[in-house]
């Protein structure tokens, strides 16, 4: 299959009738102060902005409020083919406050289920070049539980979101288009300005995961590819990237006391801390080859080193990473410049926080809230962003550390905020609203009254909270009711004014196909993958 020829034909067919911009909600990008630092001149503030990804936007008919997508399915009348769909459908603006993205000076507060990027202005992404530099930020992950992931990472998206490269893309970076990563995601609603109607066109690129973390575990992971820049693929052509990467997770590396909630850990995640990542080249210049990635943390004036730096020697166990270019390839992407992506999401996180990777249970409760605060994002010369100049010494091959396999030690996440009131169990053996329904040493009733859900907060405490039934409202502008759906349902965003509890398909379940008439939306962390006309399936993102 000549994928490039197919994609080029699609693009030419829609140059005059491309992906449109909606006007129902004005797009006003929140302002965020970032900094650039030098050894001699200190840190200089810069005015950056934040834009939410195109996939998190309402897609509707141009000039009306009719949805172009219902759940995961495109409207057949508006979208008989990718070209017509791009002509008929628009990406609308976002009410950032309602979406849970709020800035104040250099502080960015993000709620669960968001992905966004930094802009240098209203039309272009901010490009970071970090070779022979360090990238630093403060973060508070105290309320991100097992199964949650707060992420900051670099990907080489086109600076304008592909707007100039694909003239049919009318939205561009201003509306968060052009996403790619090393997983070659096939779930982008639009690819190169065309509707991705079968979710079979992926967007591949190298990925530098600076930070993937919750309150229990964290990882630093570069991912390489055999191609540079953004590569559009279909099917078998999407195997060009190292999906697993070469990760540095303190727990997996055998240090079970470095990171976690509470004073027993060197880095206490119940409190904010600073994350510093240094990209060291072989000639100590921005033009050299990437040789080493250092990571350390700062908290309460104390410097805390990761167990090991990342080098090709350390990454020898990550064969796919090395075969696709290793540190040199990652450095090549960083040298060209990359866009900073920020996301807070949930799904299957065993690779991050359970088993050999952390102390979380392998099947934690569904994450319904994971607010993250990120502050003082800055980049600069080595030592200039923190005053900590000497990087850790490179590890020698004889002492290379590889991910450990020690048994996990259970660590509970921090307690949730106290509810306004707690009712006692009812005489019938069921628990009322806000009452305890489970937990270590608890021996009372465990079944909640009708309309409530027994929500796990930590091993010691489960609580009956209001839960929305199927088809009920679970969010939206001006909505102040319950936001948690009953088991088996997903709170689906339709537009800023309305989110709804709908049936959600579990992992490996069918979500589409000819003659299929069941639910078409997958649970969080899954995507509905088209395999053939008769069958689509919920698989991990």
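The values are calculated or read from the model by the stated rules, or taken from the named source; none is laboratory data. Just so we're clear, the structure is a prediction, and the values are computed from it rather than from any experiment. Cβ sites come from the backbone with ideal geometry, for glycine too, and all protein chains shown count toward neighbours.
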For this session: Check the range 225-247 and report whether any residue there is within 19 Å of residue 134 (Cα to Cα), in contact with a strand residue (DSSP E or B) (Cβ under 8 Å, 6 or more places away or on another chain) and in a strand (DSSP E or B).
Result: no
Exercise. Which residues, counting only those in the range 50-62, are surrounded by fewer than 23 Cβ atoms within 10 Å (Cβ to Cβ) and out of contact with any helix residue (DSSP H, G or I) (no Cβ under 8 Å at 6 or more places or on another chain)?
Worked result: 53, 55, 58
Exercise. Which residues, taken from the range 476-503, are within 22 Å of the chain's Cα centre (by Cα) and either on the phi > 0 side of the Ramachandran plot or modelled with pLDDT under 75 (or both)?
Worked result: 476, 495, 496
For this session: With respect to residue 90, determine if the residue is part of a strand (DSSP E or B), in contact with a strand residue (DSSP E or B) (Cβ under 7 Å, 6 or more places away or on another chain), crowded, with 21+ Cβ neighbours inside 10 Å and at pLDDT below 95.
Result: yes
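Could you please give the count of residues in the range 46-69 that are over 23 Å from the mean Cα position of the chain (by Cα) and assigned to a strand (DSSP E or B)?
Residues meeting the conditions: 5.
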Seminar exercise, completed: When the range 11-45 is checked residue by residue, the ones that are at pLDDT below 70 and under 28 Å from residue 94 (Cα atoms) are 11, 14, 15, 16, 17, 18
Seminar exercise, completed: Output for Cβ contacts, cut-off 9 Å, separation at least six or different chains, first residue outside the structural domain of residue 340 (by TED's automatic domain parsing) in the range 360-380, second at pLDDT 95 or above, reads none
For this session: Go through the range 119-164 and count every residue that is within 21 Å of residue 290 (Cα to Cα) and under 18 Å from the mean Cα position of the chain (by Cα).
Result: 6
For this session: Among the helices (runs of 4 or more DSSP H) lying completely within the range 316-357, list those that include at least 3 residues that are in contact with a strand residue (DSSP E or B) (Cβ under 9 Å, 6 or more places away or on another chain), modelled with pLDDT of 95 or more and surrounded by fewer than 20 Cβ atoms within 10 Å (Cβ to Cβ).
Result: 326-336
Exercise. Condition test on residue 184, is it touching a strand residue (DSSP E or B) at 6+ places or on another chain (Cβ under 7 Å), in the same structural domain as residue 312 (by TED's automatic domain parsing), closer than 19 Å to residue 155 by Cβ and outside any strand (DSSP E or B)?
Worked result: yes
